[in-house]
Amino acid sequence: MSNFNWLPSQANLYNVLPDNPSQLSTHPVSGQWQTSDYLKNQYWWGGGATQESYQQLMDCDDPTLTQIGIITFGPVQSFLGSGQRLRDWAVASWLCHYLSGVLIYRWEQLGGRVLLPLHRTVPFVQWLKGEAVDERFWQAELPNIVTGLFPNNQGWLENIQQLVISEWGGLLRELEQASIHFEQGYLNGIGWRVIHENHRYLWSVYTASTALNLQTLDDDLKTLYQSIESQKISRHWQGQWWGGRTSPSAGYLSQWHPGLKPIASGGLWGLPEDNIKQWWENAAQDSSLSGLFSKSDRLNSLEVVKRLASVPDIIQPTLKQLWQLSPPPCPWGRFPDRSAIAAAWIPSQEH
């Protein structure tokens, strides 16, 4: 039976129903009745579903969806952790959210149905489908693991697995062009080859799947999640990272510079330290990047991507070119850095 028929049919279980809709709703965890506009029940008699959750429900009666699978990507923690400003961390969260949203969109575009996470009211996913959204578009909320149904077509889930890498590469290519357009004198150069090469090996993607069996679904899901976790524990990196001078905040990647010489071209440490220091100082003082970089910055390829993506004049044209859709105005230019927060904290202690 369809979800949308099954939920109203629950009303038949009640002998007597109130004449007027109740202003209360049931708490989704404790079951206690409460007053809440946000958690108000879809059916005023109870019904077991809030209006918010009901919007997330979907019919899965498609007989071709005979497989259930899980996909996740990482390492998210090290991606989030490599940063020197609060905005770096916030933007990194959104970039992971972006990749999850694209994964969900592609999954359903290719004929599957995503069960988790609940995503039908997520502004970014709505935007990908061509719907108008507001500034909540820039809020990160999607996790890096997706569970869904898909047809029993050979290579279907493997194709989705490859899309994670290719979609990230596409984002970087457009980010490069938008960055060069933003500040050509400092942001174009061979250093982008280092960035693209590093990011080829950034994400590890893991999948697990089985035939859909409603009778054993709970146990099957537990087995699939355990399989994912065991793959993550035994993961190994592919390829090699750049072997130059490491960034102070993330020692496994080297400092980025447009003139860095790749290992394949005979380089080991890139430019001399004085030249790299001079480049960062010039970028922080003598260009439109002065608010983007500090003289003390020695960012690696991950950190540079996050820092560039934090600039509204870079990330907005990146997304527009990539998806042929205009995103809502990006608010990240108003995001405070750590020094601003520290400065605000000091006078607050005087009161």
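The values are calculated or read from the model by the stated rules, or taken from the named source; none is laboratory data. Bear in mind that the values here come from a model prediction, so they are computed numbers and not experimental data. For neighbour counting, all protein chains shown are included, and Cβ atoms are generated from backbone atoms with ideal geometry for every residue, glycine included. Please note that ligands, DNA and RNA were not included when accessible areas were found on the heavy atoms of the full protein model with its side chains. Shrake-Rupley method; radii C 1.70, N 1.55, O 1.52, S 1.80 Å.
Values as computed for the structure displayed
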quantity	calculated
Exclusive hit being open to solvent by less than 40 Å² (accessible area, probe 1.4 Å), at pLDDT below 95 and not in a helix (DSSP H, G or I), set LEU149, LEU157, LEU163	LEU149
Selected residue [within 26 Å of SER290 (Cβ to Cβ) and under 17 Å from the mean Cα position of the chain (by Cα)] from LEU142, LEU175	LEU175
Residues that are on the phi < 0 side of the Ramachandran plot, of a type in the set (S, T, N, Q), open to solvent by 10 Å² or more (accessible area, probe 1.4 Å) and at pLDDT 70 or above, drawn from region 292-351	SER294, SER296, GLN316, GLN321, SER326
Pick from region 184-205, criterion open to solvent by less than 30 Å² (accessible area, probe 1.4 Å) and of a type outside the set (A, V, I, L, M, F, W, C), ranking: nearest to ASN282 (Cα to Cα)	GLY191
Selected residue [closer than 23 Å to GLY74 by Cα and in contact with a helix residue (DSSP H, G or I) (Cβ under 9 Å, 6 or more places away or on another chain)] from TRP138, TRP156	TRP138
Region 219-240, subset open to solvent by 60 Å² or more (accessible area, probe 1.4 Å) and modelled with pLDDT of 90 or more, residue farthest from the chain's Cα centre (by Cα)	ASP219
In region 111-146, the residues that are surrounded by fewer than 17 Cβ atoms within 10 Å (Cβ to Cβ), polar (S, T, N, Q) and either at pLDDT 90 or above or within 28 Å of THR223 (Cβ to Cβ) (or both)	GLN139
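Residues checked against (1) open to solvent by 70 Å² or more (accessible area, probe 1.4 Å); (2) under 15 Å from GLY191 (Cα atoms); (3) modelled with pLDDT under 90; (4) not in a helix (DSSP H, G or I):
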position	(1), (2), (3), (4)
LEU268	yes, yes, yes, yes
TRP279	no, yes, yes, no
ALA284	no, no, yes, no
SER287	no, no, yes, yes
